[in-house]
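Encoded as structure tokens, the structure appears first; notes follow it.
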Amino acid sequence: TILEQPNFGDRNVCGDNLIWAFKDGVLTISGTGEMYDAGDYDLWADHRSDITKVVIESGVTTISHWAFTYCTALTDVTIPETVVSIDPLAFSMCTSLKTIVIPDSVTGIGYNAFDGCSSLTSIVISDGVNSIGNHAFAHSGSLSSIDLPDSLTSIGQYAFTGCNTLESINLSGATSFGQYAFSDCYYLKS
């Protein structure tokens, strides 16, 4: 059941202390605290296919479940150092997203967070991330290499499955690998 999205006058609410605005393809989220679960509220539903850029301002602490799923025109995302978690399915099926920089403040990347981001060519995962969930980057078919941080200890099942252009991975700290974490990575050489 989708809950009615809170709206206070001309302010679109996406968390107890968060608001969002959309203009000229840019979705801006500002305030402090956690985002509401987009699956419960279907946040920015009327704009989902028109979002080309997401600016998450300092103060936001989570990127919620399904926050930007199927934002197929999304190419650019700014994530501040206040974000500590990227929840499951947050950017799933963002087929135009090319690069993502995950700051040091993020400790976990949820399951399917970037699943199906078929144009993703570059991922920067900063030190701080200690776990990557199941299917987190599955089917991100344009990746050629990835450096995983020393802080990373756990990689979930099928985390990079289907990354069929991935040629190299730098694994330095990971100690736990889920089944098939790198399955169907046909060109993986090192």
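The values are calculated or read from the model by the stated rules, or taken from the named source; none is laboratory data. Keep in mind that what you see is a predicted model, and the values were worked out from it rather than measured. Cβ sites come from the backbone with ideal geometry, for glycine too, and all protein chains shown count toward neighbours. All accessible areas refer to the heavy atoms of the entire protein, side chains included, with ligands and DNA or RNA removed. Shrake-Rupley method; radii C 1.70, N 1.55, O 1.52, S 1.80 Å.
Within the stretch 60-69, the set of residues being free of Cβ contacts under 8 Å to residues at least 40 places away in the same chain and out of contact with any helix residue (DSSP H, G or I) (no Cβ under 6 Å at 6 or more places or on another chain) comprises T61, T62, I63, F68, T69. Scanning the stretch 64-100 for residues being farther than 21 Å from Y158 by Cα and either open to solvent by 10 Å² or more (accessible area, probe 1.4 Å) or not hydrophobic (A, V, I, L, M, F, W, C) (or both) gives a total of 13. Among the candidates S126, S176, S183, S131, the residue that is of a type in the set (S, T, N, Q), open to solvent by less than 30 Å² (accessible area, probe 1.4 Å) and in contact with a strand residue (DSSP E or B) (Cβ under 7 Å, 6 or more places away or on another chain) is uniquely S126. Using the structure shown, decide if S118 is among the polar types (S, T, N, Q), crowded, with 22+ Cβ neighbours inside 10 Å and under 20 Å from C94 (Cα atoms). No, not satisfied.
Of the residues making up the stretch 62-76, those that are closer than 21 Å to N17 by Cβ and touching a strand residue (DSSP E or B) at 6+ places or on another chain (Cβ under 6 Å) number 2.
If the condition is being part of a loop (DSSP other than H, G, I, E, B) and either on the phi > 0 side of the Ramachandran plot or touching an Asp or Glu at 6+ places or on another chain (Cβ under 8 Å) (or both), then the stretch 38-76 contributes D42, W44, T52, S58, G59, T61, S64, H65, W66, A67, Y70, A73. Open to solvent by 10 Å² or more (accessible area, probe 1.4 Å), in contact with a Pro (Cβ under 6 Å, 6 or more places away or on another chain), touching a residue at least 24 places away in the same chain (Cβ under 8 Å) and within 27 Å of T82 (Cβ to Cβ): does that describe N112? Yes: the conditions hold for N112. Count of the stretch 18-36 residues, restricted to those that are in contact (Cβ under 8 Å) with a residue 12 or more places away in the chain and either in a strand (DSSP E or B) or surrounded by fewer than 16 Cβ atoms within 10 Å (Cβ to Cβ) (or both), is 13. Considering (1) touching a His at 6+ places or on another chain (Cβ under 7 Å); (2) more than 21 Å from C71 (Cβ to Cβ), the lone condition that Y111 does not fulfil carries the number (2).
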